[in-house]
């Protein structure tokens, strides 16, 4: 087993083609967006950690969801195959896509993906892998940062998968110009 944490961050370049990204963004413009909030299991409350700088999110479905979800299934299969661990060979499922929109000066605070609220209803489990995909790159700022200072270079259509544990803190720096669109899902 490789003890280098970077080894478990898998990037899929050009995961989605430009036309699929553009179609998804066009449909997202008509969705119901709400300010993103983190769930605090101790206080049992949702909070906007970045206050007025907090991004907007939606779980609304768009026509491209099924295609993206199918492609994610194949990327998960590849991720686990490349790990080649005899003791870890499958997953139970993955969440519906959550889309994120970062307008000027919006960001996501540093966090790890201990998504309690997603798994306290019909779905039971804990998140084991995080999926982040970028739908456009025609904005300034909005860098995806892991481990406090490691920038992950994303282009339109790229995707990464990494473990959903405290060892993988990440954030999105404020967008300086334009709008950044991305999507996330969590595997259990």
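Scanning region 111-126 for residues that are modelled with pLDDT of 90 or more and surrounded by 15 or more Cβ atoms within 10 Å (Cβ to Cβ) turns up 112, 113.
Considering region 1-54, the qualifying strands (runs of 3 or more DSSP E), each wholly inside and each with 1 or more residues that are modelled with pLDDT of 90 or more and closer than 21 Å to residue 180 by Cβ, run over 10-12.
Across region 32-45, the number of residues qualifying as over 12 Å from residue 101 (Cα atoms), out of contact with any helix residue (DSSP H, G or I) (no Cβ under 6 Å at 6 or more places or on another chain) and either surrounded by 14 or more Cβ atoms within 10 Å (Cβ to Cβ) or without any contact (Cβ under 8 Å) to a residue 12 or more places away in the chain (or both) comes to 7.
Just one of the listed residues (115, 131) is in a loop (DSSP other than H, G, I, E, B) and closer than 13 Å to residue 186 by Cβ, namely 115. With the structure loaded, tell me whether residue 88 is over 13 Å from the mean Cα position of the chain (by Cα), buried (at least 17 other Cβ atoms within 10 Å of the Cβ) and over 20 Å from residue 35 (Cβ atoms) or whether it fails that test. Criteria not met by residue 88.
Of the residues making up region 134-143, just one is surrounded by fewer than 17 Cβ atoms within 10 Å (Cβ to Cβ) and in a strand (DSSP E or B), namely 140.
The values are calculated or read from the model by the stated rules, or taken from the named source; none is laboratory data. From a predicted model like this one, the values you see are computed outputs, not experimental measurements. Positions of Cβ are backbone-derived with ideal geometry, glycine not excepted, and every protein chain shown enters the neighbour counts.
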